[in-house]
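Reviewing the structure listed below.
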Amino acid sequence: MSRTRTALLAATALVAGAAGTAMAAVPGDVGAAAVPCTVDYQVQNQWNTGFTASVKVTNNGAAKSSWSVKWSYAGNQQVTSGWNAKVTQSGANVTAANESYNGTLATGGSATFGFQGTYSGSNAVPATFTLDGVTCNVDTGGPTDPPDPTDPPPQGDRVDNPYSGAKVYVNPEWSANAAAEPGGSRIANQPTGVWMDRTAAINGANGKMSLREHLDEALRQKGSGELVFQVVIYNLPGRDCAALASNGELGPTEIDKYKTQYIDPIAAILGDAKYASLRIVTTVEIDSLPNLVTNVSPRATATPNCDVMKANGNYVKGVGYALNKLGDVPNVYNYVDAGHHGWLGWDDNFGASAEVFKQAATAEGATVADVHGFIANTANYSALKEQHFSINDNVAGKSVRESKWVSWNRYVDELSYAQALREKLVSLGFDSKIGMLIDTSRNGWGGANRPTGPGATTSVDTYVDGGRFDRRFNTGNWCNQSGAGLGERPKASPEPGIDAYVWMKPPGESDGSSKAIDNDEGKGFDRMCDPTYTGNPRNDNNMSGALPDAPVSGHWFSAQFQELMKNAYPPLS
C-alpha cells in the first residue's frame, strides 16, 4: 500500500514593490517564482497499528549545510524510529533533522529519509511541510494519485524467516573468482556474504564493487520474486582483540569514527527506499563479544587487547549502536555473531556469553527487538552434525565429555549448540521467534579421511577420535585449516529453530597470511596462520593446522579453494 503527497500546491510568496505585498505563486504561472522546496511523503507499508513512510525533500533555494523538515499530524500518529534523519516528535509536531553525513543540500538537491510509526483509526498524510521554517509545496491529490513509475519499489512485508521463499544474492566478484578455478563452476552460483571489513569497502576499495553497486545488482537478481542480500558488518574499534590476522583499521578508542564514518553511512544506504523490496540480512561483528568472556583476565587465555576492550566497553557500545541504527531500517534483519561450540560450549562460557549478547542488544538505544537472530560458526570449521558419537555416550567407563577432543564441552557440533543457545537467549528475554543461522561454508570435512563409523571402544579417546568428522588438531584452530571441505549448501529452514544454512564466509577467501605481509588494511600476522606454529592456551598448545603460503585475510587463496572442493561434504558432482 502506497499513499503519497507530492509537492505542487501554491505556498510561497513574492515580495512586490516597496509595500511588501505578498502574492501566491501558482505553478505554471508565467513569471511565478520557483517554489522554495518540495516534499514527497509516501506511506510505503501499512498494517493494523503501524506504518513505515519515506520522505523526500528537494531544496530549490540556496545551498544548505544542514536542514530540518517539520510537519504536524491531524491524527494520533506516533513516530517510533527513523533512519537517515534524526526524527523526533512532540505532541502532533514532528521534526526530522539531518544526520552528520547528509547535511549538505545543494540547490536542486534532495534528501530522503524514512521512519516507522504507529496509529489507530485513520492515517492521513500531513497537509503542510516546512524546510528550515519555509513552507514547501505539497500535492493535494492524496491516495488516489496514480503511481509514479520512477518511484522505488514498495517494501515487502516483514517475515519471520527472511530466507523462506527467497533467492539469496550471488556476489558476482566471488562468483567470478570461483568460476576461474578448475572445477569452480560447480559452486560459482552459490550465495555468499558481502563483507564490509573497513570503511573504504562501503564505497568500493581497490576496484571492488561498492555497497550500493552490490545492492543494485541484488535488485537485478531479484526480479519479481523475493531476494535476501547478506552483508557482514565487521569493523569494530580494536577488532578481533585475540587474533592479529583480522585486526581492523580502528583503534580501541575510535568508537565515534565507527559510528559516524562506518555504521551511519551503511545505515543510510541500506535505508534508501530504492532497496526497500530486498530482505537485507546483516551479520553483526563476528569474533567480538565472546572475547569479553573468554579472553580477558584472569583467564589463561587473556590478551591485553581484550582486557582493554572489556574495560572501555566499546565492543558492547559498537554492537548496540549498529543494532539500533540498522534495526531502524524495516527490511533489515540483524543476526548477531554467536561464536561456535568449540569456543562457547563450555559451562563457564555459554551462559556468560549469552548475558553479554543481551547487554549489547540493549546498549546505545538498541532493544532485543532489533535482533532477528544469531549466527553460529561464522568463518569457522566446526562440524554441523557429529553422527558417530554424542555428548551422552559413555565408553570404557568414561563420558564422551572426558575425551581430549571434547574436553568437558557440553556440545559436540554446531547444530546442537545453535539450538541450545537459541533456547538460552529466549530465556533471557529475546523474542521467542528468533532464528539461528549456521555458516556451513567450510565445515563439510569430507574426502578420504571422513570416518564412516564410530571409533574403537578401547578408550573414550579412540572412540571419539576415530569417529569424529572434524579432523582439526583442536577446535580452537581457526585459520585456513588443512583438510577442510565445503559443507551443506545454503538452504532455508533446514532444522527446527534454524532459519538457514548460509555461506557467510566466501569459500576461498583467506583467514590470514601464513607469514607477515605488508598491507594497507590494518591486518596483522597471527601465528595461528603459520603451519609451523605449535600453539597456545587457546588451542591447548596444538599445532595450528594451517595451510602454507596463505595471503592476507579476505584475499583469494586458490590452494584453499581447491582443498575445500576436494573435501566437500556433501561431495560435489
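Determine whether N60 is open to solvent by less than 10 Å² (accessible area, probe 1.4 Å), farther than 29 Å from A366 by Cα and in contact (Cβ under 8 Å) with a residue 12 or more places away in the chain. Reasoning before the result, please.
On the way: open to solvent by less than 10 Å² (accessible area, probe 1.4 Å): no; farther than 29 Å from A366 by Cα: yes; in contact (Cβ under 8 Å) with a residue 12 or more places away in the chain: yes.
Judged against the criteria, N60 is not a match.
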Open item on the list: Return the residues of region 63-79 that are open to solvent by 50 Å² or more (accessible area, probe 1.4 Å) and within 30 Å of the chain's Cα centre (by Cα); say none if nothing qualifies.
Closed with: S66, Q78
Open item on the list: Here are the criteria: (1) open to solvent by less than 10 Å² (accessible area, probe 1.4 Å); (2) at pLDDT 95 or above. Tell me which single one N539 does not satisfy.
Closed with: (2)
Task: Complete set of residues in region 331-377 that are at positive phi and open to solvent by 10 Å² or more (accessible area, probe 1.4 Å) - done: E364, G365
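Kindly provide the set of residues from region 80-93 that are part of a loop (DSSP other than H, G, I, E, B) and either on the phi < 0 side of the Ramachandran plot or buried (at least 17 other Cβ atoms within 10 Å of the Cβ) (or both), ordered by number.
The initial filter retains those residues of region 80-93 that are part of a loop (DSSP other than H, G, I, E, B), namely 84-85, 91-92.
Matches in region 80-93: N84, A85, A92.
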TODO: Would you mind finding the one in R239, R299 that is under 24 Å from F350 (Cβ atoms), among the basic types (K, R), assigned to a loop (DSSP other than H, G, I, E, B) and open to solvent by less than 20 Å² (accessible area, probe 1.4 Å)?
DONE: R239
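Criterion first (modelled with pLDDT of 90 or more, closer than 28 Å to K257 by Cα and in contact with a Phe, Trp or Tyr (Cβ under 7 Å, 6 or more places away or on another chain)) does V87 satisfy it?
When the stated conditions are applied, V87 passes them.
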Open item on the list: Show the residue pairs meeting these rules: Cβ distance below 9 Å; 6+ apart or different chains; first residue within region 488-503 and among the basic types (K, R); second residue open to solvent by 30 Å² or more (accessible area, probe 1.4 Å).
Closed with: R489/Q190; R489/P570
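State yes or no: is V35 outside any loop (DSSP other than H, G, I, E, B) and either among the β-branched types (V, I, T) or at pLDDT 90 or above (or both)?
Numbers: outside any loop (DSSP other than H, G, I, E, B): no; either among the β-branched types (V, I, T) or at pLDDT 90 or above (or both): yes.
When the stated conditions are applied, V35 does not pass them.
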TODO: Kindly list the number of the only condition in (1) in a loop (DSSP other than H, G, I, E, B); (2) open to solvent by less than 60 Å² (accessible area, probe 1.4 Å) that fails for A96.
DONE: (1)
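Can you tell which of L227, L244 is out of contact with any Cys (no Cβ under 7 Å at 6 or more places or on another chain) and modelled with pLDDT under 95? Spell out how you get there, then give the answer.
On the way: L227 fails: modelled with pLDDT under 95.
Going through L227, L244 in turn, the sole match is L244.
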Task: region 126-143: number of residues that are open to solvent by less than 50 Å² (accessible area, probe 1.4 Å), modelled with pLDDT under 90 and not polar (S, T, N, Q) - done: 4
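The values are calculated or read from the model by the stated rules, or taken from the named source; none is laboratory data. Fair warning: this is a prediction, and the values are worked out from it, not measured in the lab. When we count neighbours, we look across all protein chains shown, and the Cβ atoms used for this are built from the backbone with ideal geometry, even at glycine. To get the accessible areas, we keep the full protein, side chains included, count just its heavy atoms, and leave off ligands, DNA and RNA. Shrake-Rupley method; radii C 1.70, N 1.55, O 1.52, S 1.80 Å.
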